[in-house]
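Quick notes on the structure that follows.
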Amino acid sequence: GQSLEQPSEVTAVEGAIVQINCTYQTSGFYGLSWYQQHDGGAPTFLSYNALDGLEETGRFSSFLSRSDSYGYLLLQELQMKDSASYFCATHTGGFKTIFGAGTRLFVKA
Amino acid sequence: KAGVTQTPRYLIKTRGQQVTLSCSPISGHRSVSWYQQTPGQGLQFLFEYFSETQRNKGNFPGRFSGRQFSNSRSEMNVSTLELGDSALYLCASSFTGSRNTEAFFGQGTRLTVV
């Protein structure tokens with residue numbers, strides 16, 4: 001089957017660093033994406049990793065290890081506006097994207 | 001440029017009825033994917049269309065169907081509605097639907113089945 005596991009909730013303090021992990025099991029793997037969704041809003045694309053290693057985009061970084069079927073999203077200098085749900089998603093062959101159940105991030109002052 | 005537009009935003013239907021949801025992708029985007037989102041379940045893939053052809057389908061019953069028009073606008077239909085169909089239905093558009101292409105989501109249609 002195809003599945004992605006990520007923690008349901010993470011809480012962190014404003015200004016801190018938080019890491020959201022994602023492990024996946026898919027038949028056919030072509031990369032891992034991350035999306036952010038605020039309450040009542042649409043998911044928005046954050047990053048995509050096709051190869052092993054770290055991709056950095058401003059305060060957000062994403063890491064992938066294909067050998068471990070594992071990735072993570074790293075958020076630095078947390079701000080209150082980062083409170084949202086974060087989804088990892090894998091891309092399989094056949095134009096199909098599988099999403100994890102999402103991690104709810106709470107940023108406290 | 002205009003984003004992905006989904007209509008209607010909210011819908012209340014009765015069990016047994018059928019419903020049609022609409023999605024207008026970003027201009028120039030030819031791939032449209034549909035997802036069902038329920039609390040705690042993430043986004044469940046329904047189907048993907050490109051140039052009026054369904055290229056993949058998720059594990060949903062045949063009551064869920066879709067189509068895409070020549071202008072890339074897409075509709076999804078759910079027949080014989082069940083209470084469990086209550087969810088947020090999201091569509092996403094991209095240029096090609098390829099794995100390394102960023103997908104842009106609409107605000108979704110909130111369907112409530114009573």
Please go through region B:65-114 and pick out each residue that is of a type in the set (Val, Ile, Thr) and either at the interface with chain A (Cβ under 10 Å from one of its Cβ atoms) or farther than 26 Å from residue B:39 by Cβ (or both).
B:96, B:101
Condition first: modelled with pLDDT of 95 or more, surrounded by fewer than 18 Cβ atoms within 10 Å (Cβ to Cβ) and assigned to a strand (DSSP E or B). Can you find one or more residues in region B:100-111 that meet it?
yes
Of a type outside the set (D, E, K, R), more than 29 Å from residue B:34 (Cβ to Cβ) and without any contact (Cβ under 8 Å) to a residue 40 or more places away in the chain, is that true of residue A:65?
yes
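Counting only residues that are hydrophobic (A, V, I, L, M, F, W, C), closer than 26 Å to residue B:57 by Cβ and within 14 Å of another protein chain (Cβ to nearest Cβ), give me the strands (runs of 3 or more DSSP E) lying completely in chain A with at least 2 of them. First the steps, then the outcome.
Details: elements: A:3-5, A:9-13, A:18-25, A:32-37, A:44-49, A:53-57, A:60-65, A:70-75, A:84-92, A:96-99, A:103-108.
Fully inside chain A and qualifying: A:32-37, A:84-92, A:96-99.
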How about region A:30-63: which of its residues are more than 13 Å from the chain's Cα centre (by Cα) and among the aromatic types (Phe, Trp, Tyr)?
A:30
In region B:14-61, what count of residues is obtained for those that are assigned to a strand (DSSP E or B) and either more than 13 Å from chain A (Cβ to nearest Cβ) or of a type in the set (Lys, Arg) (or both)?
7
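The values are calculated or read from the model by the stated rules, or taken from the named source; none is laboratory data. All of these numbers come straight from a predicted model, not from anything done at the bench. Counting neighbours? That spans all protein chains shown, and the Cβs are built from the backbone with ideal geometry, glycine included.
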